[in-house]
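Quick note: the coordinates plus some simple rules give every number you see, no bench work behind them. Quantities reported herein were computed from a predicted structural model and do not represent experimental measurements. FYI the Cβ positions are ideal-geometry reconstructions off the backbone, even for glycines, and counts take in every protein chain you see.
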Amino acid sequence: MITTTIPFAKLRASDANVRKDTAYSATGLAALAASIAGHGLLQPLIVSPARGKKTLFDVHAGGRRLAALGLLVEEGTLAKDHPVDVRLCEDEDAAARELSLAENLLHEPMTAAEECTAYRDIVAEGASAEDVARRFGVTVRHVHGRLRLADLAEPIFAALAQGEITLDVAMAYGAVSDHARQIAAWERCSNGWQSDNPQAIRRMVAAESLSGSDPIALFVGEAEYTAAGGRIERDLFAGEGEGTWTDVAIAQDLAMKKLTFEAEVAQLATKLAWVRPVLATRVSYDETRDLHGYYPQYSEPSVEAQARMAEIQMRLDAIGDELDRIEDEEEADALYDEQEQLSGEHDRLGKTDPIIPEDDLALIGTFLLLDREGRPTLAPQYYTSTKRASGHHAPGQEGSADGAGDNDSGIEADGHDAPADTLPRTLEEQLAKDRRDILALHVAHDPALALDLAIFSLARDHAGHFGYNDTGCSIRITDRFEPAGLKDIPPGRALEELEQVRVALPNDWALVEDSFASFLAFRALDEDARARWLAYAVSQSLQASLATGERRNPFQSQLGASLGIDVAQHWRPGAERFFDRLKKSQILAILGAIDPAMPGRYALAKKGELASAATKLCAGDAIVEPAIRARAITWTPEPMLFGTGAPVPDLEETSEGALEVEGEIEAEAEDGAGDEDESVLSDDDDDGIVELAAAA
């Protein structure tokens with residue numbers, strides 16, 4: 001081969017090129033053309049004289065570069081006779097195909113990490129982002145995004161470079177530029193089940209910052225915050241008032257000083273004993289831990305207000321009926337917004353002036369909060385440090401000598417242990433699949449059980465049972481009738497663990513094309529490998545089911561109970577997977593089951609804020625009392641639980657073994673009756689009782 005130049009007009013794409021699809025991306029071709037215009041042709045084309053057209057040359061390697069050159073010629077950037085660097089090959093036949101094949105097979109596109117590093121190095125040499133965008137045919141915003149990624153904390157960028165995380169995950173960590181916060185989120189997420197969930201990562205890295213729309217930020221104002229040394233990070237097109245406030249301590253200090261002054265003014269105006277400033281939109285449990293609610297009388301709303309409240313209540317009832325019928329998410333969101341707006345108006349109309357005796361003013365107080373717009377506002381509840389003060393107490397508290405049952409928030413919780421309304425159909429389907437995956441995970445780890453299920457399911461039809469298959473195990477040529485479930489949500493923890501089980505199984509035998517040879521290869525596996533494959537395959541036959549409702553399946557519920565499955569160990573209610581799909585009243589009812597005081601504290605919160613708070617609480621990340629946390633991290637919706645139905649024996653216990661244990665318990669109970677100093681059962685026997693009790 002010799003290196004030379006040939007005018008562009010004498011070049012044409014070769015028919016021998018192995019890449020026949022030449023419909024190049026317009027965006028990619030424009031970017032390549034911009035690169036050639038800015039840097040020249042970095043790699044020569046490989047050509048040979050065209051057959052029958054001695055004045056023309058066929059391009060065997062570099063068809064996309066040739067198309068980009070053609071684009072520049074059409075635009076007038078280059079002349080038709082522009083000299084193009086080529087490597088001339090005289091052997092047209094074999095060399096043309098070999099060179100074309102080699103270039104297309106060996107070509108490897110630049111990774112996102114390499115692109116980030118390249119842009120960073122070019123900018124470091126003095127070029128601007130606009131220069132880089134123009135030279136490479138990309139947008140300025142694209143360059144800014146890559147430069148932001150190039151500045152990721154070292155372990156995160158290294159993971160991107162090595163392909164351990166995706167570009168979307170890297171961009172989630174890059175939502176803030178503070179390396180300390182990136183590292184903190186990385187250490188929490190990288191080895192967890194949400195390591196590839198960009199939404200969860202964005203929530204985590206943003207936890208230690210304030211958005212420009214946060215009530216604290218709105219209360220302080222940008223001018224005062226930046227004057228005190230506070231920093232604001234903005235996206236490329238963010239406007240005034242938008243962005244992320246990274247110095248939270250500065251913002252909180254400024255806000256507390258301002259709110260303290262406002263609280264002093266409010267105390268003088270209301271003549272209350274105290275008004276305490278709280279940098280929040282609601283009163284927390286810690287603030288009211290040692291206080292008691294005071295419930296004054298209120299004047300009656302005006303006639304006009306009462307009429308409007310009646311209209312609002314009728315519309316709220318109609319909205320509730322509509323939400324039960326519709327399935328379109330956009331329509332539902334619009335109704336939820338209207339519901340919250342009307343509920344707020346109803347509450348405002350009903351909140352008339354309190355009637356507080358002069359003697360009580362010296363004993364009671366309240367809190368000064370921030371509303372969602374960052375405006376100081378007095379909490380609607382009153383509190384006292386004494387056991388009782390005059391005034392009206394909450395319903396059901398009259399006659400309580402010690403104040404037991406006082407609701408710390410001043411608002412009575414609804415007391416429900418579970419949502420009163422039915423779950424949305426799509427959420428119910430998703431829960432059925434999640435519950436099935438938990439049961440499948442346990443079956444996949446228990447080959448003996450899987451074998452029994454497989455034989456039972458296959459033999460049952462031939463053993464005189466011709467009724468409907470109610471086991472929920474489809475170990476036959478059939479459809480599992482998989483429900484649709486929710487859309488665009490990350491996989492559940494059980495499903496991820498099932499995938500880990502599958503990946504760990506030996507798979508070479510399945511790659512053999514001949515079916516019988518594949519069967520022989522499978523039989524050559526050791527007994528343990530075949531058993532693990534059986535367990536996994538049987539686990540994949542399970543149909544989605546729940547403990548209650550239309551997808552109720554008592555067989556699977558009792559099977560899960562016999563395995564002692566604790567759903568909370570494999571599934572927690574998250575925002576996307578659960579709370580976002582519920583009504584606000586349903587979320588409040590769940591919080592009430594965990595802590596009766598919570599519905600009152602969250603009554604005015606928006607649904608999105610409420611869902612995030614409930615997710616954090618049930619994940620064990622909220623700062624609450626140990627008893628409340630224990631209830632929260634184990635709370636599971638009833639349809640997801642196993643164990644409903646008739647008691648079943650432990651599958652690992654033989655009937656004789658169970659009778660022997662029972663006989664030993666009875667005999668030793670008789671021998672040891674009344675003997676409190678001597679242990680009735682050995683440790684092993686005690687474990688047996690626990691197992692039998694759990695199974696029952």
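Treat the count of other C-beta atoms within 10 Å as a stand-in for reagent exposure and order THR117, THR352, THR615 from fewest to most.
Values: THR117 17, THR352 13, THR615 23.
Result, fewest neighbours first: THR352, THR117, THR615.
Please work out the Cα center distance from region 163-205 to region 333-372, rounded to the nearest Å.
One Cα centre to the other: 39 Å.
Among ASP324, ASP85, rank each residue by its count of other Cβ atoms within 10 Å, from fewest to most, as a rough exposure measure. Numbers along the way, then the final one.
Numbers: ASP324 11, ASP85 15.
Ordered from fewest to most neighbouring Cβ atoms within 10 Å, ASP324, ASP85 come out as ASP324, ASP85.
Could you pull out the pairs from LYS433/LYS616; LYS271/LYS616; LYS258/LYS584 whose alpha carbons sit more than 29 Å apart here? Before the final figure, lay out each step's value.
Details: LYS433/LYS616 23 Å; LYS271/LYS616 38 Å; LYS258/LYS584 33 Å.
Long pairs (Cα-Cα over 29 Å): LYS271/LYS616; LYS258/LYS584.
Calculate, in whole percent, how much of the Cα-Cα pair population of region 312-373 lies beyond 18 Å.
Numbers: 1096 of 1891 pairs.
Here the tail beyond 18 Å accounts for 58 percent of pairs.
Cα-Cα pairs above 18 Å in region 260-384: how many percent?
65
Please list the non-local residues whose amide H lies under 5 Å from the amide H of ALA61, H modeled 1.01 Å from N, same-chain partners needing a gap of 5 or more.
It is ILE46, by chain and number.
Given labels modelled 7 Å from the Cα in the Cβ direction, how far is it in nm from THR5 to HIS179?
4.7
Calculate how large, on average over all directions, the projected area of the Cα convex hull of region 546-643 is; give the answer in nm² to one decimal.
Values: hull surface 26.3 nm².
Reported value for the Cα convex hull: 6.6 nm².
Which distance in nm do the two modelled labels at GLU125 and THR111 give, with both placed 7 Å along the Cα-to-Cβ direction?
Here the modelled spin labels are 2.3 nm apart.
May I ask you to compute the full-extension gain from ALA223 to ASP81, defined as 0.36 nm times their residue separation minus their alpha-carbon distance, rounded to one decimal in nm?
On the way: separation 142, 0.36 × 142 = 51.12 nm, distance 5.98 nm.
45.1 nm is the gain from fully extending ALA223 to ASP81.
Please sort by residue number the GluC sites (Glu not before Pro) in region 256-330 whose DSSP state is loop and whose Cβ has at most 14 other Cβ atoms within 10 Å.
Qualifying residues, ordered by number: GLU327.
I need HIS82, HIS442 ordered by Cβ neighbour count within 10 Å, fewest first. Kindly include the intermediate steps, with their values, before the conclusion.
Values: HIS82 15, HIS442 20.
The order, fewest Cβ neighbours first, is HIS82, HIS442.
Using label points projected 7 Å from each Cα along Cα→Cβ, tell me how many nm separate GLU638 and LEU56, to one decimal.
7.9
Among the trypsin sites (Lys or Arg not before Pro) within region 31-79, which fall in a DSSP loop and have no more than 15 other Cβ atoms within 10 Å of their own Cβ?
On the way: sites: ARG51, LYS53, LYS54, ARG64, ARG65; in loops: ARG51.
Taking region 31-79 and a limit of 15 other Cβ atoms within 10 Å, the loop trypsin sites (Lys or Arg not before Pro) found are ARG51.
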